[in-house]
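Engineer: Sending over a structure as structure tokens; questions will come in a sec.
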Amino acid sequence: MVVSMTGFGRSNLDSGLHTVTVEMKSVNHRFHECTIRLPRQLMKLEEKIKKQISGFIKRGKVDIFITISGEGLVHRNLHIDWKLIQDYYQLVHEVKHRFSLKGEVELDQLLSREEFITIEEMEEENEELEQMVLNAVLMAAKELKEMRLKEGEALEEDFHLHLNQFEQKVSELSGISPRVIIEYRDRLKKKMTEYSEGAIDEARLMNEVAIMADKSDITEELTRLKSHILYFRSTLVLGEPIGRKLDFLIQEMNREVNTIGSKSNDSSITALVVELKSTLEKLREQVQNVE
């Protein structure tokens, strides 16, 4: 099946004590890459979250944003360095005594110094909150997957539309190719008749026609293109990531079309080659969105 690499998912869980919101978006990428932004105290969940996401997404860049509000995320302790305060207080009095200075040590002088009083944050172990976060990630991942599948359905319809157009042009080429040889033979015969005043060397004529037919023969290229079209359609229904396969297939199809163009000495074939390349470019652009 066709799965798009672009999508968005969101979830929100509220336990009364905490509210967890998860938002994730995915975009095109050659490989699978996952970036997670979550509160520092829950960084240990990062690997579990990545493992969850890998079950839903095989290819594409995923950005996950997790926000948590509520009580008890961290425990704060007030730490006072009494010895340092005592040393500071004694130093001030010693300086006053030594230099006969006036003034007293005010309370705000002590409380305003960061080296005396610090607030320590201790992470709280909260298994219920951690499971809540994992559940919210799972919900958002399912929504993201659904959106990628829905967009994939639209891509598949587009693929079939362009493939049908491509196949029609290949069929037209198959019909034109023999006619081009016949037209070349007739033109060459006419010229030989004009220059030889009616005396035609049939052997030479057939030899020239054979050489031209061999140089401009596109039968193999057309056969491979038809095979590629069948393989493209069969790949669309595979239950696995198919983006790289389709990308490689587009390259092979483009190579065959270029070869046909290089062999062409007929304006009608050249015109069809231009249309084929245009259709392939549309397919290539869409393939870049497939997982």
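The values are calculated or read from the model by the stated rules, or taken from the named source; none is laboratory data. Just so it is clear, the structure is predicted and the values come from calculations on it, not from any experiment. Ideal geometry is used to build each Cβ from the backbone, glycine not excepted, and the neighbour counts take in all protein chains shown. Calculation scope for accessible area: heavy atoms of the full protein, side chains included, ligands and nucleic acids excluded. Shrake-Rupley method; radii C 1.70, N 1.55, O 1.52, S 1.80 Å.
Engineer: Calculate, for the stretch 28-117, the solvent-accessible area per residue in square angstrom, rolling a 1.4 angstrom probe over the heavy atoms of the protein chains.
Structural biologist: Per residue, the stretch 28-117 has an accessible area of 73 Å².
Engineer: Please list, in order along the stretch 81-98, the HN-Hα scalar couplings obtained from phi with the Karplus expression 6.51 cos²θ - 1.76 cosθ + 1.60 (θ = phi - 60°), rounded to whole Hz, x for Gly and Pro.
Structural biologist: Rounded to whole hertz, the list is 8, 5, 5, 5, 5, 4, 4, 5, 4, 5, 4, 4, 5, 5, 5, 4, 5, 5.
Engineer: Right, another one. State the extension gain, in nm to one decimal, for the chain segment bounded by Glu157 and Ser268, taking 0.36 nm per residue of separation less the distance between their alpha-carbons.
Structural biologist: Computed gain between Glu157 and Ser268 is 37.0 nm.
Engineer: R0 = 25 Å: FRET efficiency of Lys226 with Ser54, Cβ-based, nearest 0.05?
Structural biologist: 0.10
Engineer: Using the beta-carbon distance between Lys142 and Arg30 and R0 = 25 Å, what value does 1/(1 + (r/R0)^6) give for FRET efficiency, to the nearest 0.05?
Structural biologist: Calculated value: 0.50.
Engineer: Explain nothing, just compute: Karplus ³J(HN,Hα) = 6.51 cos²θ - 1.76 cosθ + 1.60, θ = phi - 60°, for every residue of the stretch 41-53 in order, whole Hz, x for Gly and Pro.
Structural biologist: 5, 10, 4, 5, 7, 4, 5, 5, 5, 4, 5, 4, 5
Engineer: Of the listed peptides 61-69, 89-97, what is their order by residue-averaged count of other C-beta atoms within 10 Å, with the highest listed first?
Structural biologist: 61-69, 89-97
Engineer: Can you tell me which of 254-265, 20-31, 106-117 comes out highest on packing, and rank the rest after it, using the mean Cβ neighbours within 10 Å?
Structural biologist: 20-31, 254-265, 106-117
Engineer: So with the 1.4 Å probe, I'd like the accessible area per residue for the stretch 213-291, rounded to whole Å².
Structural biologist: Result: 51 Å² of accessible area for each residue.
Engineer: Compute the Cα gyration tensor for the stretch 1-135, then decide on rounded, prolate or oblate, letting a ≥ b ≥ c be the square roots of its eigenvalues: rounded whenever a/c is under 1.5, prolate when a/b is larger than b/c in the other cases, and oblate in all that remain.
Structural biologist: Verdict is prolate for the stretch 1-135.
Engineer: Then there's this: Cross-link list Lys58/Lys277; Lys145/Lys226; Lys25/Lys51; Lys169/Lys282; Lys61/Lys142: which exceed 22 angstrom alpha carbon to alpha carbon?
Structural biologist: Lys58/Lys277; Lys145/Lys226
Engineer: Here's another thing I want to ask about it. Using a 1.4 Å probe and ignoring any ligands, DNA or RNA, find the accessible area of Glu153 and quote it in Å² to the nearest 10.
Structural biologist: Accessible surface of Glu153 is approximately 120 Å².
Engineer: Separate question: Show me, for the stretch 7-18, the HN-Hα J-couplings you get by feeding each phi into the Karplus relation (A = 6.51, B = -1.76, C = 1.60, θ = phi - 60°), rounded to Hz, glycine and proline as x.
Structural biologist: In residue order, the calculated couplings are x, 8, x, 9, 8, 8, 10, 10, 9, x, 8, 9 Hz.
Engineer: Give me the number: length gained by fully extending Val92 to Phe8, i.e. 0.36 nm times residue separation minus the C-alpha to C-alpha distance, one decimal in nm.
Structural biologist: In short, 24.0 nm is gained.
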